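Each remark here refers to the structure printed beneath this line.
The values are calculated or read from the model by the stated rules, or taken from the named source; none is laboratory data. All figures in this text were calculated on a predicted structure; none of them were measured in a lab. Please note: Cβ atoms are built from the backbone with ideal geometry, for glycine as well, and neighbour counts cover all protein chains shown.
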Amino acid sequence: MPVFLQISVDVRMSNKEINIITDTFGNKLYTTYYPGNSDAYTISIIGVMIFHGMAEDQRSFDLFASKFQRLGMDVFCTDFSGHGRSTGVMPMGENGDSILADQVNKAKMKFQELSHLNDSQIFMIGHSLGARAILSSQLTESSPVNGCILIGPAVYLDFEFGEDLEDNLSPANPNNNIFILVGDLEDICPPNYALRLYQKLTNDTSIDTPENAIFKTTSGLTRELRILKWLTHTNEAFSIRTVQLSALWIQEIVLGESHIQTNSSYFAFEDFRVYFSILEIIGIYLLIIYSNKMIKLISEENKNEVLINLRLFDSKIINPKKYFSVKIPILLGGLGISAIIGFLLVLLPIGTPIFTLLYFCPVTGYGFMMLILYKTNRMPGYEGKWKSRIKESFKSITWINVLLGMLFLGSVAFLLAYYFNGYMYNFFPRKTKVLWFFILLVLSPIGFYVLQLESEEIKTTFPEKSKYLFINYIIFLLPYIIGSLSVFLFGYFIFIPDAINNIILLVIVLLMGNLLQQIWRKPLFTALAQSFLFFFLLLPRGQLMAFFM
């Protein structure tokens, strides 16, 4: 139900026009124009241009676009080169700012052609890299737009772009209204950097600690700084507060009245999108869990079905305490194997999704390490060797069960793809993404494969000890849990939401694997399905900051 409710929200944005524009450097930029409705916005005809951050795309800002279109404003969104569905590579290096500014200017020209708005009717919103881009554009623009909203601006990253953007900033340049919005947990533009930017744009030295501030220049321009509590850089683009404050600030500039300082409650139709997304993920979990229970009841009579695929002949766990306790240090050896695999993949002559490999390597390393121990009878607390009968995995297949499993897999993949629809095209060139998808799909199933066989062994040997199954899953997830805690402890707040999101995703993959195994009882098929689902959703994740080397 929540998915259909969110779809109903998205339908409100169905009135749109797709255009491909070309920048000065030959990059084809994917843009979307959402026509406004002057009857809905009675103050004035206003246009808003939205520019995403690094490793995001325009779909990441659907919340903003939906809000402004509902207010009757014309909205124009652009994918920078190397992002989303645009061609080329991400603008960086000595000419990075120039390329970004050129793409912003070309987008503005197309927006004005479609909307017939002049510069004084246009506002620009940019997050992170997008904020830097619009600043670069407006510094050299002879006819600047009315205002710019800089959300977590990546201004002080001159080592990445080879240009000192800060030196060109002043109360008179750029010549437009500016609103700086940052979270207090920012690590790209932390509050002290935001204050530094504000002081550069105002010459106001009356405040020396980060706080909310507003300043009027001698020419009547507004320069405002807002610091939002409990907000990280990553989540600024998805925060209801950020959207609300941006809309109110634009109305304040247009009306010349102060609306943004009021403390009255504010609720909008688009707020439901956030609440729906929470219900969606809960609903997906419940769907998989209760489907598991139903399938288990239906197939109860087949619970003793013989495993054909890599059958565990004459092998079993003889000492659970020893077996589980030594698994944790054994993981260290698996991480060593993971590091070797990751290093070899980085050597491939194609762009490498580094952060995706951080999720791929532990799964694969776990599989190889445990398989070696099982096949050599060196696993402590375990007796017997694993014997492989891979060829027999394709015998005695019940195709009805296979089709039922594929139906469940396709349904969950569709729901999750829609849930993560703001990331499906981020940062990865399509051909490179497809190539890496198949590389990872070939190498990663061994980890899920071993986990499935371990689960079957535990359920067979200890049918009344479900806690053992839970412990085994926790050990499998341990590298990711430790990684997430390390990100938090070392203060890398930008990665915390993604670390949590992807643990949630991995848990869904594990639950889905348990469901599929109940249906077709083929660990090899289940492992392939889990690997497919995991990397189908993980590989395109823009917010993982998956840089290409």
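Considering N118, N146, the condition of being without any contact (Cβ under 8 Å) to a residue 12 or more places away in the chain and over 22 Å from M90 (Cβ atoms) is satisfied by N118 alone.
Within the stretch 497-519, identify whether any single residue is of a type in the set (A, V, I, L, M, F, W, C), more than 21 Å from I284 (Cα to Cα), touching a residue at least 40 places away in the same chain (Cβ under 8 Å) and touching a Gly at 6+ places or on another chain (Cβ under 9 Å), and answer yes or no. Within the stretch 497-519, none of the residues are of a type in the set (A, V, I, L, M, F, W, C), more than 21 Å from I284 (Cα to Cα), touching a residue at least 40 places away in the same chain (Cβ under 8 Å) and touching a Gly at 6+ places or on another chain (Cβ under 9 Å).
Out of I503, I474, report the one residue that is out of contact with any Phe, Trp or Tyr (no Cβ under 9 Å at 6 or more places or on another chain), surrounded by fewer than 19 Cβ atoms within 10 Å (Cβ to Cβ) and of a type in the set (V, I, T).
On the way: I503 fails: out of contact with any Phe, Trp or Tyr (no Cβ under 9 Å at 6 or more places or on another chain).
Going through I503, I474 in turn, the sole match is I474.
Within the stretch 14-33, residues that are modelled with pLDDT of 95 or more reach partners that are charged (D, E, K, R) and surrounded by fewer than 16 Cβ atoms within 10 Å (Cβ to Cβ) with beta carbons closer than 7 Å, at six or more positions or on different chains, in the pairs I20/K28; T22/K28; T32/K16; Y33/K16; Y33/E17.
Please indicate, with yes or no, whether at least one residue in the stretch 519-535 is in a helix (DSSP H, G or I), modelled with pLDDT under 85 and surrounded by 15 or more Cβ atoms within 10 Å (Cβ to Cβ). Working first, answer last.
Of the stretch 519-535, the ones in a helix (DSSP H, G or I) are 519-520, 523-535.
Subsequent filtering for residues that are modelled with pLDDT under 85 retains 520, 535.
Restricting the remaining residues to those that are surrounded by 15 or more Cβ atoms within 10 Å (Cβ to Cβ) gives 520, 535.
Among the residues of the stretch 519-535, at least one is in a helix (DSSP H, G or I), modelled with pLDDT under 85 and surrounded by 15 or more Cβ atoms within 10 Å (Cβ to Cβ), which makes the answer yes.
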